[in-house]
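A short write-up of the structure that comes next.
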Amino acid sequence: MLAANDHSPPKVVSAAEIDGAGDLALVVHARLCAVYKCPIPYFSEKEPLSELISALLSHRTRNAASGKAFKSLRARFPTWEEVMRADLSAIEEAIAGVTWPELKAPRIREILTAIDARAGRLSLDFLADLPAEEARRWLEQFPGIGPKTSAAVLAFSSLRMRALPVDSHHHRVAQRLGLIGPKVDVGPSHAILRAQLPADWSAQALYDNHEILMLHGQKVCHHRSPACKACVLLDLCPTGRQRLDRP
Ligand code: SF4
């Protein structure tokens, strides 16, 4: 396997040097880091409970709409205690711009109630004292919180913990590159893609890995017509080579 750490990713000049998915993941990381300029600045300063609610709102919803719904919820209920005790109709009204507000309102209230009961307070700051995997298991005990949401809370919030979220763009690029199989769904892909990266990578390096694969999916490896001719990963990518009919 190629040697790599946070500061000096592998320099690989040809696909022939790659041996296995771990190598491929490192070379993809190095190339995309050069394109998108790692380290990528963090986009969120939210404390972890706010990040969790934000993630729940964002499911199947555009970022702009879920961001607006989050602000609307905070404006109407300045504390999470107030949301926990609010009428469902009032929560639903505040988050009306997201997909399925009628399902998300009760889910948010249920999760707040469950966290309050289990943690003894409406805060997730204590997760900072747990190893990342334990913190994720703690979050995933609640219905509606899967690997994507638990990783997002740890990686994106002010916790800045070591976790690798996988969104639909990241998942699509990884699948086209062959990092994950064609039938591997987003949920199970989290463990596979994390295991391909060095165990000792920092929170920033894992965050970068997610962000650059997501950015590549948004800017180059589009859902409908990927721009393979312009892609820096073309020589590594079976899908791209097949599309352009190259060996
Ligand atoms: S070569 Fe094409 S399919 Fe492969 S990662 Fe690049 S844009 Fe996506």
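One table, with the values for the structure above:
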item	result
Residue within the range 130-139 that is among the aromatic types (Phe, Trp, Tyr) and in a helix (DSSP H, G or I) present	yes
Hey, Gly178 touching a helix residue (DSSP H, G or I) at 6+ places or on another chain (Cβ under 7 Å) and within 29 Å of Pro106 (Cα to Cα) or not	no
Count of residues meeting criterion [in contact (Cβ under 8 Å) with a residue 60 or more places away in the chain, more than 23 Å from the chain's Cα centre (by Cα) and more than 6 Å from the ligand (Cβ to nearest atom)] in the range 220-247	3
Count of the range 85-110 residues which are in contact (Cβ under 8 Å) with a residue 24 or more places away in the chain, under 16 Å from Ile145 (Cβ atoms) and touching a helix residue (DSSP H, G or I) at 6+ places or on another chain (Cβ under 7 Å)	4
Long-range neighbours under 8 Å by Cβ, at least six apart or interchain, first residue free of Cβ contacts under 8 Å to residues at least 60 places away in the same chain and acidic (Asp, Glu) within the range 119-147, second assigned to a helix (DSSP H, G or I) and surrounded by 14 or more Cβ atoms within 10 Å (Cβ to Cβ)	Glu140/Pro147; Glu140/Ser150
Single residue of His210, His170 found to be within 12 Å of the ligand (Cβ to nearest atom), at pLDDT 95 or above, closer than 21 Å to His59 by Cα and surrounded by 16 or more Cβ atoms within 10 Å (Cβ to Cβ)	His170
Helices (runs of 4 or more DSSP H) within the range 169-243 that include 2 or more residues among the aliphatic types (A, V, I, L, M)	186-195, 203-219
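The values are calculated or read from the model by the stated rules, or taken from the named source; none is laboratory data. From a predicted model like this one, the values you see are computed outputs, not experimental measurements. For neighbour counting, all protein chains shown are included, and Cβ atoms are generated from backbone atoms with ideal geometry for every residue, glycine included.
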